[in-house]
Each structure stands twice: as C-alpha cells, then as structure tokens.
Amino acid sequence: MAPQDTVGLCLTCRWTRPSTTRRGSTFYRCGRAEEDARFTRYPPLPVRSCPGYEVTMLFVVLMNYTRPLPDVDAVRAEHVSHLERAAGRGIVVAWARRSPPVGGVLVATAPDRETLEQVLAEDPYVRAGVASPEVVAFQPANVRGPFAP
C-alpha cells in the first residue's frame with residue numbers, strides 16, 4: 001500500500017511531525033494537538049478528514065554533483081536507501097538522476113523548509129560532499145494528479 005493510503009491526510013498536512021523509531025516504525029504526531037485539545041496527538045491512521053488540515057509545502061530539489069561521477073556512484077546505494085526511508089515518511093515523493101548525469105531531481109513535501117533541510121543534511125551524498133542541494137519551494141495551489149492534496 002502507498003503511504004497516502006495508510007496514513008491519509010497526515011501525510012500532506014503542514015502540522016504533522018513524523019517520527020521514525022530505530023525499528024523503522026513511523027508515527028505521525030499532530031502539531032495542532034500541542035495547543036488545541038480538539039486534536040489527538042497521535043491520531044488513528046488513516047486520517048480521512050480533519051478540521052485542522054492544512055496542505056504542506058511542495059519542494060523541488062536539484063541535487064548538483066560536486067565531484068566526479070565515480071565518486072558519486074560510490075555512495076549511490078546509501079543515497080537511494082536514504083531516499084527510500086524519506087519516502088516511507090512521506091517526505092520524498094519522487095526522484096531521478098538528471099540526464100546528462102550532472103545531479104538529481106527530487107520532489108518533496110514537508111511541513112516546512114527546515115524539516116526538508118534536515119532530511120537533506122542527512123543525505124549520504126551531502127554528507128560525503130559529492131552533491132549539494134538547491135531547494136525550490138512552492139505553494140501547491142495548482143497541483144494536479146497524484147500530488148494533489
């Protein structure tokens with residue numbers, strides 16, 4: 001099942017604070033619950049309707065390679081595993097290597113830029129110094145298809 005089917009609205013809500021345990025389980029905490037008793041801190045999933053739902057930001061991330069391709073490919077498997085984990089948390093929704101291979105493109109959704117930048121800082125490409133991310137944020141007002149809220 002896709003994360004959207006198992007998590008529901010929390011996957012794309014700006015108030016969601018996902019937390020992944022060491023065993024790989026991800027829990028979705030509602031940030032609104034901290035200040036408003038009408039909201040459950042950890043709502044039962046999938047959430048199909050919520051009066052506090054606000055769509056999150058969408059991002060396009062251009063990963064620009066800063067080292068030769070053999071150096072990049074040496075950490076590629078770790079990078080892809082990192083993206084898979086971020087996809088499981090609902091943050092990275094699509095990715096691909098650019099053609100020609102000068103970098104990559106990620107499509108991401110996160111409650112805010114800071115959350116995405118934390119994920120990017122943990123990326124093996126960034127940590128190894130073989131790529132640097134360029135983040136472009138946009139409001140999803142004109143989104144259609146599978147990325148629509």
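Values computed for the structure shown
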read-out	value
Scope the stretch 1-58; condition of a type in the set (A, V, I, L, M, F, W, C) and over 16 Å from the mean Cα position of the chain (by Cα); matching residues	Met1, Cys30, Ala33, Ala37, Phe39, Leu45, Val47, Cys50
Boolean, Asp112 is out of contact with any Asp or Glu (no Cβ under 9 Å at 6 or more places or on another chain), under 30 Å from Ala37 (Cβ atoms) and not assigned by TED's automatic domain parsing to the domain that holds Cys13	yes
Top-ranked residue of the stretch 28-58 - restricted to ones that are touching a Lys or Arg at 6+ places or on another chain (Cβ under 9 Å) and surrounded by fewer than 16 Cβ atoms within 10 Å (Cβ to Cβ), ranked as farthest from Pro133 (Cα to Cα)	Arg38
Failed criterion for Glu114 (all others in (1) under 17 Å from the mean Cα position of the chain (by Cα); (2) surrounded by 15 or more Cβ atoms within 10 Å (Cβ to Cβ) hold)	(2)
Out of Pro46, Pro3, sole residue that is at pLDDT below 85 and either touching a Gly at 6+ places or on another chain (Cβ under 7 Å) or assigned by TED's automatic domain parsing to the domain that holds Ala110 (or both)	Pro3
Test result for Leu69, without any contact (Cβ under 8 Å) to a residue 40 or more places away in the chain, not basic (Lys, Arg) and not assigned by TED's automatic domain parsing to the domain that holds Ala128	no
Answer residue from the stretch 115-133, given it is in a helix (DSSP H, G or I) and of a type outside the set (A, V, I, L, M) and is nearest to Asn64 (Cα to Cα) among those	Tyr125
Only listed residue being in contact with a Gly (Cβ under 9 Å, 6 or more places away or on another chain), over 19 Å from Ala128 (Cα atoms), surrounded by 13 or more Cβ atoms within 10 Å (Cβ to Cβ) and touching a residue at least 40 places away in the same chain (Cβ under 8 Å), chosen from Gly8, Gly88	Gly88
Some residue of the stretch 72-85 being within 28 Å of Thr21 (Cα to Cα) and either among the polar types (S, T, N, Q) or assigned by TED's automatic domain parsing to the domain that holds Tyr28 (or both)	yes
Sole residue being surrounded by fewer than 13 Cβ atoms within 10 Å (Cβ to Cβ) and in contact with a strand residue (DSSP E or B) (Cβ under 7 Å, 6 or more places away or on another chain), chosen from Val61, Val136	Val136
So Arg22, is it closer than 28 Å to Ser132 by Cα and among the charged types (D, E, K, R)	yes
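The values are calculated or read from the model by the stated rules, or taken from the named source; none is laboratory data. Not measured: the values here are computed from a predicted model. We place every Cβ from the backbone using ideal geometry, glycine too, and count neighbours over all the protein chains shown.
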